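S.K.: Below: one structure in structure tokens.
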């Protein structure tokens, strides 16, 4: 009888600790996974990949809950019940120095758990990289600090990413300058954009996404790319396939409007508005309000009339004449390759409508 | 007047003159060869700062003895100390005593921590609102130049915060290794005292160049400095920042070499590796990482500087270079570097825990080897920072496996700490509170690691505030809180007084809860879509309230550190006098008087027991400081006679002697 009491005294506290570990794991795990499901700790689940990845997150949340509870509950138990109570400063605790069996157990079991997690994580990775045969191809081009999306299928070009719902999209990404990173939190996946190629080397990188919920989201650049990195966003619209076709056809159509109106369209599509405002606010580049026809003070102290030639040169060779108060080497120098002569002329015409 | 004659002031003057000379030299060459002398100004500026750093080292006097040797003049192994000079004179000049150097490292670490923390407050204030507004304020333009916008200042501040805090932790690691290792193994100094002084002093010009980068246009690359942003686009502050890292890298390399040689060659005779205090194992593992990996960040940053100044296109993909190559070189150091910061901290946890639990350290050998295990695995995981970077896709899977393996030796440490605490007689003095806080905070950092390591979930988490929260957990739990624990614990050893317990506990109860709130909300905003390194964010994410919480928590942390600083200064002057072994520790350090005498141990001690045998009050002590008084029945072995003539470096001699 006495030995039974001793047995309970000796091992009873392990039972209590185990119960608290289970309770704490359950509470923490349920809290995290419920938060993930109702959108308070993860964004909307708007792609097929997000579904797969969130399942992986749930497993991770349970593992976090378990291991955090395991250590903290044992520790708190010791803090509360194994403390010094009025004894001397150096009153000894129980004298044991270790236990090799335990050490081996808590090496082997976590090893098994992380290997299982790695295998499972690997299978999720291969699932989200699965290729659909009818994937919609979109070229994604990042440049400081704007996004451009080209649709080779229809010929459309846009600074918004418009996607048909429930069809896989193959994003072929590259950068025109520094490294950027494509991320739509609702889609859960991310890929860096690498700059230009050399010889046979192809720096284009691919990412596959299948949007599943119609709605408006945002591409958010996730790699620090300079001053306005924080503002390097693009609108994403996931729409019905028919709506997408109509939109793409309209974007791809030749511009048969007035030159200045066409210019307004190119300005929008090629991301000029990331750095140039129409309303007088100075961003990274000079505002276009009142620019054309004015006398522009340059950083070498001279001044020049902002005529057609000045505007055209500033688009093609932006570093030739730097506006007083602005930095050189900020604007991309490849617009001559990106745009036709006609498009450049139309953009100049548009800027002139904002002039004096 | 005495102040002006310190090595520190002479070094500063030399650095100023050297910088000017280097600048003038390059500018002169440019003018003579018909180039515009000041446009661009970057080559002259970088050369100037490089020459200035070297000039500092000559000015402060770390080369003096070496230069004498080259001229055949021998120098005394003992440094002469002028008793007329005030006590602080030694601390502001070149000194070879490992305890002085340890404290020099520590003071420099506290100083840089203050600067790095203040920068954090500036950008945290900016982040309290979604728009970029606070840093647009004209006062910053007045200080840093009118061409700064709020966003570019923000980018400079977060980049510098990162690198300054890394330098802080490297200095802190230097402080701990230099101060504690010789005392723990019974040596009277480090193996190479002059190299030790060099390794400390090289940090000072490095830190000055690092801070100068802020006034040379800043840099908006983050502390990671990825090209092409750093090579072709960022302001020239980036070159100074990278030069500074290159300079302080020498400290890591020479400092760690010294620690390794000291541990292997200068233990008291008879002390086996598995009889060393556990912190020494951690210091050894750390030193191996520093010695082998530091070259890689130095190299990668040097290559960026060369590309900027001379157009060597290592990382330019239009000229056959590769921007991803940089990331490999960079992370080959910069991932193991995090283990450089945490291993000494975890070693301190293992060192202090048994003292306050009054029990042996659970599984000493496993804890010792787990430090080496983490250091070893740490070399094979660097590319987990690059899962989204666009390296070959198949490479991601092996790095996922290797990274998850880090959990195993880390887990062994946690389980061993729990085993140590179990059925002890725990006391809660301030150092112990910080140890317990460290365990919880580091645990939070540990369990939030595997989601980053698993490729598929990493695709969501990479470059978000989840990662920011995760690594602040590991850095605070793995270094900052153990660092505070160590200061409270060892304070009597260098002041002879004790830190005030009330203010210490207030420091703890403010800082640790505030930190947990901060990191938890950082991780939450990251999951919800908050990217790293952004000056303004999308209010539509619905995280503005959380950001305000994080900012307030940041201010509380800063406030707590100020309380600590005041407590430190006041206690050093007027604190309770600490007589003897106040924590009832078995460590040889605590068998010495407070403060520790100049040459540590009068004679080499003998290891007669186990380091953490707190559970058996009648057992042997760990060490016998006075082995000559031993009972005469102990047989005299050959090793005993060796002890007398090879006292583990009784003097700060240039080379160790012994077996």
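S.K.: Could you figure out which of (1) closer than 30 Å to residue A:125 by Cβ; (2) within 10 Å of another protein chain (Cβ to nearest Cβ); (3) part of a helix (DSSP H, G or I) isn't true of residue B:366?
M.R.: It is condition (1) that residue B:366 fails.
S.K.: Something else about it: In the stretch A:280-296, what residues are over 15 Å from residue A:356 (Cβ atoms) and surrounded by fewer than 16 Cβ atoms within 10 Å (Cβ to Cβ)?
M.R.: Residues satisfying the conditions are A:281, A:282.
S.K.: For residue A:21, all conditions in the list (1) more than 7 Å from chain B (Cβ to nearest Cβ); (2) modelled with pLDDT under 95 hold save one; what is the number of the exception?
M.R.: Condition (2) is where residue A:21 drops out.
S.K.: Additional query: Could you identify the single residue in A:64, A:80 that is more than 18 Å from residue B:448 (Cα to Cα) and without any contact (Cβ under 8 Å) to a residue 60 or more places away in the chain?
M.R.: After ruling out the rest, the residue left standing is A:80.
S.K.: Ok, one more. Looking at residue B:357, is it crowded, with 22+ Cβ neighbours inside 10 Å and either in contact with a strand residue (DSSP E or B) (Cβ under 6 Å, 6 or more places away or on another chain) or free of Cβ contacts under 8 Å to residues at least 24 places away in the same chain (or both)?
M.R.: So residue B:357 fits the description; yes.
S.K.: Given the residues B:499, B:480, which is the only one that is crowded, with 24+ Cβ neighbours inside 10 Å, in a loop (DSSP other than H, G, I, E, B) and either touching a strand residue (DSSP E or B) at 6+ places or on another chain (Cβ under 7 Å) or at pLDDT 95 or above (or both)?
M.R.: Working: B:480 fails: in a loop (DSSP other than H, G, I, E, B).
Step by step, each of B:499, B:480 is checked, and only B:499 is crowded, with 24+ Cβ neighbours inside 10 Å, in a loop (DSSP other than H, G, I, E, B) and either touching a strand residue (DSSP E or B) at 6+ places or on another chain (Cβ under 7 Å) or at pLDDT 95 or above (or both).
S.K.: Here's another thing I want to ask about it. So, in the stretch B:308-320, of the ones that are in a helix (DSSP H, G or I) and within 14 Å of chain A (Cβ to nearest Cβ), which residue ends up nearest to residue A:179 (Cα to Cα)?
M.R.: Of everything passing the filter in the stretch B:308-320, B:317 is nearest to residue A:179 (Cα to Cα).
S.K.: Kindly state which strands (runs of 3 or more DSSP E) lie completely within the stretch A:171-276 and contain at least 1 residues that are at positive phi and in contact with a strand residue (DSSP E or B) (Cβ under 8 Å, 6 or more places away or on another chain).
M.R.: A:215-220
S.K.: Another question, if that's okay. Taking the stretch B:65-98 as the search range and keeping residues that are touching a residue at least 60 places away in the same chain (Cβ under 8 Å) and over 27 Å from residue B:173 (Cα atoms), which one is nearest to the chain's Cα centre (by Cα)?
M.R.: Ranking the qualifying residues of the stretch B:65-98, first place goes to B:86.
S.K.: Select the helices (runs of 4 or more DSSP H) contained entirely in the stretch B:405-459, then report the ones holding at least 1 residues which are closer than 30 Å to residue B:502 by Cβ, within 24 Å of the chain's Cα centre (by Cα) and more than 7 Å from every other protein chain (Cβ to nearest Cβ). Before you say what the answer is, go through the steps one by one.
M.R.: Numbers: elements: B:407-421, B:430-447, B:450-453.
Once the helices (runs of 4 or more DSSP H) in the stretch B:405-459 are filtered for at least 1 residues that are closer than 30 Å to residue B:502 by Cβ, within 24 Å of the chain's Cα centre (by Cα) and more than 7 Å from every other protein chain (Cβ to nearest Cβ), what remains is B:407-421, B:430-447.
S.K.: Further question: Being at the interface with another protein chain (Cβ under 10 Å from one of its Cβ atoms) and farther than 24 Å from residue B:46 by Cβ is the filter here; which residues of the stretch B:323-335 pass it?
M.R.: Scanning the stretch B:323-335 gives a single hit, B:324.
S.K.: Residue check: is residue B:135 in a helix (DSSP H, G or I), at pLDDT below 90 and buried (at least 19 other Cβ atoms within 10 Å of the Cβ)?
M.R.: Details: in a helix (DSSP H, G or I): yes; at pLDDT below 90: yes; buried (at least 19 other Cβ atoms within 10 Å of the Cβ): yes.
Yes.
S.K.: Is it the case that residue A:165 is at pLDDT 95 or above, in contact with a strand residue (DSSP E or B) (Cβ under 7 Å, 6 or more places away or on another chain) and either surrounded by 18 or more Cβ atoms within 10 Å (Cβ to Cβ) or more than 7 Å from every other protein chain (Cβ to nearest Cβ) (or both)? Quick ask: steps written out before the conclusion?
M.R.: Details: at pLDDT 95 or above: yes; in contact with a strand residue (DSSP E or B) (Cβ under 7 Å, 6 or more places away or on another chain): yes; either surrounded by 18 or more Cβ atoms within 10 Å (Cβ to Cβ) or more than 7 Å from every other protein chain (Cβ to nearest Cβ) (or both): yes.
Yes, satisfied.
S.K.: Shifting gears a bit: So, in the stretch A:92-144, exactly how many residues are assigned to a loop (DSSP other than H, G, I, E, B) and within 20 Å of the chain's Cα centre (by Cα)?
M.R.: Number satisfying all stated conditions: 2.
S.K.: Now for a separate question. As an exercise: evaluate residue A:92 against (1) surrounded by fewer than 19 Cβ atoms within 10 Å (Cβ to Cβ); (2) out of contact with any helix residue (DSSP H, G or I) (no Cβ under 9 Å at 6 or more places or on another chain) and give the number of the one condition it does not meet.
M.R.: Result: residue A:92 fails condition (1) only.
Residue by residue, here is whether (1) part of a helix (DSSP H, G or I); (2) farther than 26 Å from residue B:152 by Cβ; (3) in contact with a strand residue (DSSP E or B) (Cβ under 8 Å, 6 or more places away or on another chain); (4) in the same structural domain as residue A:267 (by TED's automatic domain parsing) holds:
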site: A:286; (1), (2), (3), (4): no, no, yes, yes
site: A:291; (1), (2), (3), (4): no, no, no, yes
site: A:296; (1), (2), (3), (4): no, no, yes, yes
site: A:315; (1), (2), (3), (4): yes, no, no, yes
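S.K.: Then there is this: Looking at the structure I just gave you, is residue B:319 more than 18 Å from residue B:250 (Cα to Cα) and surrounded by 24 or more Cβ atoms within 10 Å (Cβ to Cβ)?
M.R.: Working: more than 18 Å from residue B:250 (Cα to Cα): yes; surrounded by 24 or more Cβ atoms within 10 Å (Cβ to Cβ): no.
Taking the combined requirement at face value, the residue does not satisfy it.
S.K.: Being facing another protein chain (nearest Cβ under 10 Å), closer than 22 Å to residue B:457 by Cβ and at pLDDT 95 or above is true for just one of A:184, A:219. Which residue is that?
M.R.: Result of the check over A:184, A:219: A:184.
S.K.: Right, next: Which residues, counting only those in the stretch B:460-472, are closer than 26 Å to residue B:398 by Cβ and assigned to a helix (DSSP H, G or I)?
M.R.: Once the filter is applied, which keeps residues that are closer than 26 Å to residue B:398 by Cβ and assigned to a helix (DSSP H, G or I), the stretch B:460-472 yields B:460, B:461, B:466, B:467, B:470, B:471.
S.K.: What tally of residues in the stretch B:591-612 results from selecting those that are closer than 27 Å to residue A:90 by Cα and touching a residue at least 40 places away in the same chain (Cβ under 8 Å)?
M.R.: Going through the stretch B:591-612 one residue at a time, the tally reaches 13.
The values are calculated or read from the model by the stated rules, or taken from the named source; none is laboratory data. Since the model is a prediction, treat every value here as computed from it, not as a measurement. Glycine also receives a Cβ, built like all others from the backbone with ideal geometry; neighbour counts cover every protein chain displayed.
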